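In what follows, a single structure is set out as structure tokens and then discussed.
Here, each number is a calculation from the coordinates, and none is a lab measurement. Please read all numbers here as calculations on a predicted model, not as lab measurements. Cβ sites come from the backbone with ideal geometry, for glycine too, and all protein chains shown count toward neighbours.
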Amino acid sequence: MDLFEYQGKQYFARYGIAVSPGDVADSVEEAVAVAERIGYPVVVKAQVKVGGRGKAGGVKLASDVDEVRLHAGNILGLDIKGHVVRRLWIERSSDIAKEYYASFTLDRPNKTHLGMLSAQGGVEIEVVAEENPDAIAFLSIDPVRGLDLETARRWVHEAELDEVAREQAAELLVKLYECYTAGDCDLAEINPLILTPEGRVHALDAKVTLDENASYRHPEWEEYRATETEDPREKRAKEKGLNYIGLDGTVGIIANGAGLAMSTLDVVNQVGGSAANFLDIGGGANADVMAAALEVINSDPKVTSIFVNIFGGITRVDEVAKGVLEALSRVTINSPIVLRLDGTNAVEGRAILAPHLNDRLMTEPTMLDAARRAVSLANA
Amino acid sequence: MSIFVDENTKVIVQGLTGGQGKFHGLRNRDYGTKIVGGVTPGKGGTDVDGIPVFNTVREAVEATGATASFVVVPPRFASAAILEAAEGGITFIVCITEGIPAHDEAVTYNRLVEDFPDVRLLGPNCPGIISPGKCNIGITSGDIALPGGPVGIVSRSGTLTYQALHELSQKGIGQTTCVGIGGDPVPGTNFIDCLAAFQADPETKAVMMIGEIGGSEEERAAEWIKHNMTKPVVAYVAGVTAPPGRKMGHAGAIISGSKGTAQAKMDALAAAGVHVCLNPTEAGEKMVEIVRAL
């Protein structure tokens with residue numbers, strides 16, 4: 001789960017990381033109230049989960065109440081790469097002497113944590129990595145040992161941060177690592193991490209991605225979940241415990257297992273069709289789950305055929321077959337359904353469906369045959 | 001021969017008294033696997049369908065001589081269960097648990113490497129391992145596998161592992177061992193571990209490898225194959241049509257920026273001399289061709 005900037009800053013603050021004083025505002029009046037409270041000049045920042053806000057006019061400096069009104073009014077409702085701004089973050093403007101970059105993420109090949117620190121912040125780190133890789137100090141961190149202050153001190157030295165910033169930066173990095181690990185982040189990034197002319201170091205931006213597998217130990221994430229803007233199809237699917245991603249094609253896909261679902265998308269594409277979605281009903285899916293999956297797909301007006309691809313493992317094919325019949329009895333499915341059923345209890349499952357097969361419900365012996373049939377129906 | 005397990009491997013099930021543990025543990029035993037015990041704290045002295053249950057892994061190992069463990073416990077207890085297995089003397093751990101936080105996996109993996117270098121962890125979030133006719137630890141349906149070799153299978157995805165077994169068995173091609181390494185960000189066993197074991201196994205004559213989007217394990221495997229593998233490898237990578245930035249079910253299956261795409265993986269594998277196929281059926285057909293020509 002990606003956080004908005006303001007949520008990332010609030011998350012940082014929980015771990016004692018210095019951020020600019022500020023607050024959220026959902027209207028011009030709220031923006032004015034926040035600005036009056038924290039003092040001018042302020043920065044009015046669009047809260048969207050997409051890069052390039054500044055260029056799109058979503059970040060403006062305001063030195064008095066009229067400017068806050070003007071900018072807040074312009075930015076609220078602004079469309080930035082398809083993301084409409086509904087919320088602002090108003091914070092005290094900071095004078096900037098230097099901009100740095102700092103982040104922690106998982107180094108998957110090495111199965112350790114990776115810290116990246118650079119004295120050249122404020123620009124995209126991918127650009128720095130491309131043009132001047134020596135400007136990034138990489139630090140491999142053993143997840144068992146963690147990051148201590150001594151190591152952080154050597155790291156800021158190696159990254160050639162300004163002398164005056166080093167001790168504060170080292171302390172901040174230890175806190176950021178704590179936020180990253182104890183806070184179960186997939187990514188904790190500060191760009192820019194700034195040094196002010198008065199010699200203070202703090203986070204001017206926050207990019208945080210949380211590991212949803214850890215949500216059971218983070219009740220505080222509930223408020224972040226509430227602000228997630230989702231495709232209505234995805235929201236409905238999630239409520240039913242389905243792993244669904246909306247796409248743009250016409251063949252509705254239901255499969256068990258992420259790999260098989262991905263593979264199903266690929267095969268549909270190979271035979272000339274396009275998938276309307278990714279939908280993994282998971283392991284051990286029963287009739288209820290299958291019926292819910294069909295209903296979610298059915299609610300997508302773009303779908304013109306449905307391809308159900310099941311390889312029973314924990315999931316039993318007879319349960320899947322029952323779910324299909326149950327869904328058909330509950331709601332009118334708008335598109336023809338093509339099924340490919342193999343694996344655990346496939347024979348039983350096919351037998352359950354046999355009396356009900358017609359030109360709206362059909363089976364094919366292999367994944368490839370079923371994909372061809374579903375695509376030809378979708379394109380008909 | 002098989003890799004990592006064989007017909008003599010003695011297995012305990014951590015979580016045998018739970019619904020999933022009982023279902024799969026008994027299913028594995030029915031397949032012929034030597035399931036010699038279960039572990040559930042507080043339930044020592046009881047049994048599950050004749051399989052003795054112990055309070056701790058150490059007690060189970062001392063009483064049964066088990067060397068392998070099948071971990072079937074909820075995500076929040078899985079890391080502790082894996083470490084308990086290693087501390088208790090188990091050397092091969094299969095963990096099927098899905099949904100373990102990535103930081104827990106990273107700590108557990110490194111603790112095993114540092115304190116228990118001889119222990120191999122398979123998973124988490126994997127279907128397990130089956131050596132047809134000999135041993136099945138995990139959730140794979142035994143009847144889709146065919147004993148006798150000569151193909152080894154290694155796969156990152158659960159259901160595609162079954163699909164791969166099915167494609168081969170349907171065509172009368174047996175498997176030496178089929179290893180599902182799982183789709184999580186920090187897998188205990190990776191492609192290279194399995195490829196190296198298959199390369200060293202005289203009965204394995206060819207290998208089928210199933211990858212998916214995300215990470216760079218397939219690229220690393222390609223590099224290893226180029227320099228070390230003399231046996232033919234057929235590969236399929238799922239997710240050619242997956243959109244960037246969206247997790248496709250597995251925590252590890254995500255295209256970040258320009259990295260981790262299926263195309264990049266297929267290109268790397270093809271450059272290493274691997275037979276890259278566009279779907280599981282094509283991969284099965286290619287393998288038939290290769291095995292017939294052996």
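Structure values in brief
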{"item": "Among A:Y15, A:N277, A:T196 - extreme Cα towards positive end, dipole of the protein assembly as shown, charges at beta-carbon", "result": "A:N277"}
{"item": "Total charge dipole magnitude, the stretch A:232-379, about the Cα centre, Cβ charges on Lys, Arg, Asp, Glu only, Debye to nearest 20", "result": "220 debye"}
{"item": "Gain in span if fully extended, B:S216 to B:R292, counting 0.36 nm per residue against the direct Cα distance", "result": "24.2 nm"}
{"item": "Distance from the stretch A:208-281 to the stretch B:181-243 (C-alpha centre basis), Å", "result": "26 Å"}
{"item": "Ranked list, fewest to most other Cβ atoms within 10 Å of each Cβ, for A:M116, B:M208, A:M367", "result": "A:M116, A:M367, B:M208"}
{"item": "Value at 222 nm in deg cm²/dmol, rounded to 500, when DSSP H runs of n ≥ 4 in the protein assembly as shown each add -39,500 (n - 2.57)", "result": "-11000 deg cm²/dmol"}
{"item": "Estimated distance in nm for a label pair at B:A196 and B:D267, the labels positioned 7 Å out from Cα along Cα-to-Cβ", "result": "2.8 nm"}
{"item": "Residue order, fewest to most beta carbons within 10 Å, for A:D288, B:D201", "result": "A:D288, B:D201"}
{"item": "Relative contact order %, chain B, counting alpha carbon pairs below 8 Å whose residues are six or more apart", "result": "14 percent"}
{"item": "Radius of gyration and Dmax over the Cα atoms of the stretch A:184-242, both given in Å", "result": "16.5, 53"}
{"item": "Relative contact order of chain A, defined on C-alpha pairs under 8 angstrom at six or more residues apart (%)", "result": "12 percent"}
{"item": "Distance violations [Cα-Cα > 19 Å] among B:K171/B:K286; B:K34/B:K134; B:K10/B:K134; A:K45/A:K207; A:K81/A:K238; A:K49/B:K247", "result": "A:K81/A:K238"}
{"item": "Zero-based 10 Å bins, Cα pair distances in the stretch A:224-346, whole percents", "result": "14, 49, 31, 5, 0"}
{"item": "Cα centroid separation - the stretch A:154-184 against the stretch A:96-119, whole Å", "result": "10 Å"}
{"item": "Packing-based exposure ordering (other Cβ within 10 Å, fewest first) of A:I96, B:I210, B:I173", "result": "A:I96, B:I173, B:I210"}
{"item": "Positive minus negative residues near A:L339 (Lys, Arg vs Asp, Glu; Cβ under 15 Å)", "result": "-1"}
{"item": "Hydrodynamic radius (Kirkwood) for the stretch A:21-92, which is based on Cα pairs only, to one decimal in Å", "result": "11.5 Å"}
{"item": "Local electrostatic count, A:A351, Cβ distance below 12 Å [Lys/Arg +1, Asp/Glu -1]", "result": "0"}
{"item": "All-pairs alpha carbon distance profile, the protein assembly as shown, 20 Å steps from 0, percent", "result": "18, 47, 30, 5, 0"}
{"item": "Cβ-defined net charge surrounding B:T159, 15 Å radius [Lys, Arg +1; Asp, Glu -1]", "result": "-3"}
{"item": "Residues B:K226 and B:D47, FRET efficiency given R0 of 41 Å [Cβ-Cβ distance, rounded to 0.05]", "result": "0.20"}
{"item": "Spherically averaged projected area of the stretch B:10-122 from its Cα convex hull (nm²)", "result": "6.3 nm²"}
{"item": "Equivalent ellipsoid dimensions for chain B as semi-axes, Å, which come from the Cα gyration tensor, largest first", "result": "31, 22, 16"}
{"item": "Cα centroid separation, the stretch B:32-100 to the stretch A:11-88 (Å)", "result": "54 Å"}
{"item": "Size of chain A as Cα extents on the principal axes (Å, biggest first)", "result": "80, 50, 39"}
{"item": "Equivalent ellipsoid, the stretch A:98-225 (semi-axes from 5 times Cα gyration tensor eigenvalues, Å)", "result": "24, 16, 15"}
{"item": "Degrees between helix A:287-298 axis and first principal axis of chain A (Cα, 0 to 90, nearest 10)", "result": "70 degrees"}
{"item": "Stretch gain in nm, segment A:V164-A:E239, where the contour uses 0.36 nm per residue and the Cα spacing is subtracted", "result": "21.9 nm"}
{"item": "Sites A:L357 and A:A129 - FRET efficiency at Förster radius 56 Å, r taken between beta-carbons, to 0.05", "result": "0.50"}
{"item": "Net length gained if the chain between A:T366 and A:L78 were fully extended (0.36 nm per residue, minus Cα distance)", "result": "98.8 nm"}
